[in-house]
Every structure is written in structure tokens, then in C-alpha cells.
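Report on the structure given below.
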């Protein structure tokens, strides 16, 4: 026999990976269903993700789920392809609003990034200073 | 002849997509992870080229690969897992990080839309720019809700992430941002998953805070932006 009998008892890493994929799909479907049921403008996947997040805070350990999510998220770029290829139908828009898109995607992005970095560092520093001040008081 | 074959057996388009994706991954790894050869970018470009050469329209293509598009939603749900596992990081610096997130969640879409509005962009284009700093799966979901063009949003989001990834180390040097928490958090806030990958190359700590910021930004923007747009329009 080529197949080892132990393989039947002990789930392999691949099997563990597959076991949790239906869990993610179930939360995705619940999210989509709640979206329709309550007529929410939020994407169904976001609702599903929030519910899974709640569950993850309740359960004590999530080793298997983590391993499975990591495997799935490793290939996230593959899942973008069907939506991304649609850009082929938007050449007119790209031509017409090219400059505005460029200004926003390059200019505004870099500006926001600089603001975010400076602001976050400033906030963290003032928190540190406040901590030190409290320590010296006590 | 290949045109007829692809038309008659749409599953071949699924095969083509996966092969192209694998080739793109290979090229990216061989190029020492050159950001201009990001697998998403080269894969999309190669698929478009193939569709143009074999004269397949986008509608036919999308129908054939809808299963892959469905898994985008599944992967979005799975993003809850890294968010949960990085959540303890926020507790240590709860106040500064929450303030930073709330402020940037408003400033980023406003500046993105404003800069294009000044240059006279079309309304649907402006809406497509609003979710540009959140992870692609969230952004595509939001695009479908607010009446933006989902494929344009996908392209905008990917380029935005690449811009942040490329400029990050220069920005940190010029503006002397030396705190790894500030570095990672800002990369995740503005540059989502693509910048997060670069953040992990800087250090594990930088990467973890970037992943945290990306998750929080995706969750908050995709929840609030549709309401904001509905209120505005």
C-alpha cells in the first residue's frame, strides 16, 4: 500500500486548510443575506467579516482558522483578476479623466501618506510624554 | 481557431487565468519583488492582452471566471483573522491609534476626491476614487454599493498601494519618521495590503501595525462610506 493508514486518522495540513474554507463561505453568505434582509448599503462581505471577527473574539483558540486564512489570503491577488480585467472597458474614462486620476492617485495619495505618518508619530510621542509625566507625578 | 475554442469551452478561460497568475508570481519572485512587476498588475495586463488577441469580450470572460470573483468575498471575510490576531497591538496605544484612524478615514477619501474634482473629473470617477486607500476586496464591495466603476476602483486601489510602497522609505527619511509603529500604521492606513507587504519587509513590528491599520481602515470605510455617499447625493 502506498497510502499510509495513519493518513486516514490524522488530518494533514492540506485537509485542515480546506476544512475552514466552508466556514468563511458560510459567513460570506450570512453577510450577503443580512445585507438583503435589512436592505443595508454595506458590502455583504464586510458584514460577514464583522460577524466572523465577533466569533473570533469569543472562541479561545483559532490556530486552525489562522492557518487556513493565511493560505487563502496568500493568493488574494488571484481573486482580484476578474474585477481588475474589467478596466479594459474603461479606456475612454482613463483618457478623459486621466489627469484628474493621476493627481488623485499620485498626488493625494502621497500627501495623505505624509500626513498619516507625521500625525501618527506626533500622537504616539504625546502619549509617551503623558505617560512619563504621570510616572514622575506618582 | 483559439477564439472558437475559448468561446465553446469557457472553462479554458479559468485555466488561462490561473496559468497567467502563476507565471506572474514566478516573474515577480525572479525579479526580486520589483514593485512594478506586482503579480496583480502583470496578471491583469496579461489577461487583457490575451482577451484582445483572441477577441473575447469582458462579459464572456467574467462569466467564465465568476467562481474566482466569488472567492474574493470569501477572502474578505477571512481578513477578520489577521485583524483579530493583531488586535492586541491597538490596546497598548489605543488612544493615539484610534484618533489617527478616525482622522485619516475622513481626510483620505476627502483629499482623494477633492484633488480630482478640482480637475473636473466625472461624478462616477470621483466616486471611484473615494475608496482608494482600502484593501481591494472592500473597495470593490463599496464600489458596487455607491455606483462607482468597480474595475476602475480595482485599478485605482492597486496603483495607490504601489505608490505608497514605493515612496515609503523616502518619506520616512525626509520627514524623519523613525517610530516603527507610526511607519507601519500609516502604510496600512493609506497603502492597504500592497504597502503592508512592503512593511513586513522593513520589520515584523512595522508589518503587524500595517496589517492592523489596513483591517481597521477597510472595516470602517466600507461600513461608513456608503452611508456618507447616500447622505451626500
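One residue stands out in segment B:211-233 among those that are farther than 21 Å from residue B:73 by Cα and within 11 Å of chain A (Cβ to nearest Cβ): the one that is surrounded by the fewest Cβ atoms within 10 Å (Cβ to Cβ), namely B:231.
Just give me the residues in segment B:46-63 being within 9 Å of chain A (Cβ to nearest Cβ) and surrounded by 20 or more Cβ atoms within 10 Å (Cβ to Cβ), in sequence order. Selection gives B:47, B:61.
Applying the condition of being under 22 Å from the mean Cα position of the chain (by Cα) and surrounded by 19 or more Cβ atoms within 10 Å (Cβ to Cβ) to segment B:88-104 and asking which residue is farthest from residue B:184 (Cα to Cα) yields B:104. Got at least one residue in segment B:179-188 being surrounded by fewer than 24 Cβ atoms within 10 Å (Cβ to Cβ), in contact (Cβ under 8 Å) with a residue 60 or more places away in the chain, more than 9 Å from every other protein chain (Cβ to nearest Cβ) and assigned to a helix (DSSP H, G or I)? No: segment B:179-188 contains no residue that is surrounded by fewer than 24 Cβ atoms within 10 Å (Cβ to Cβ), in contact (Cβ under 8 Å) with a residue 60 or more places away in the chain, more than 9 Å from every other protein chain (Cβ to nearest Cβ) and assigned to a helix (DSSP H, G or I). Taken together, B:134, B:90 contain a single residue that is more than 7 Å from every other protein chain (Cβ to nearest Cβ) and not in a helix (DSSP H, G or I), which is B:134. Looking at B:154, B:197, which is the one that is modelled with pLDDT under 90 and buried (at least 21 other Cβ atoms within 10 Å of the Cβ)? Answer to the check: B:154. Considering A:101, A:53, A:23, A:34, the condition of being part of a helix (DSSP H, G or I), over 30 Å from residue B:175 (Cβ atoms) and more than 17 Å from the chain's Cα centre (by Cα) is satisfied by A:34 alone. Close Cβ contacts (under 6 Å, 6 or more residues apart or on different chains) running from residues in segment A:74-94 that are at the interface with chain B (Cβ under 7 Å from one of its Cβ atoms) to residues that are not in a helix (DSSP H, G or I) comprise A:82/B:65. Is at least one residue of segment B:138-145 more than 7 Å from chain A (Cβ to nearest Cβ) and within 12 Å of the chain's Cα centre (by Cα)? Yes, segment B:138-145 contains at least one residue that is more than 7 Å from chain A (Cβ to nearest Cβ) and within 12 Å of the chain's Cα centre (by Cα). Of the candidates B:95, B:46, the single residue that is closer than 23 Å to residue A:84 by Cβ and either part of a helix (DSSP H, G or I) or at pLDDT below 90 (or both) is B:46.
Among residues that are at the interface with another protein chain (Cβ under 7 Å from one of its Cβ atoms) and out of contact with any strand residue (DSSP E or B) (no Cβ under 6 Å at 6 or more places or on another chain), residue A:108 is included. Residues that are within 7 Å of chain A (Cβ to nearest Cβ) and either out of contact with any helix residue (DSSP H, G or I) (no Cβ under 6 Å at 6 or more places or on another chain) or exposed (fewer than 15 other Cβ atoms within 10 Å of the Cβ) (or both) within segment B:106-118 comprise just one, B:107.
The values are calculated or read from the model by the stated rules, or taken from the named source; none is laboratory data. These figures come from a predicted structure and were not determined experimentally. For neighbour counting, all protein chains shown are included, and Cβ atoms are generated from backbone atoms with ideal geometry for every residue, glycine included.
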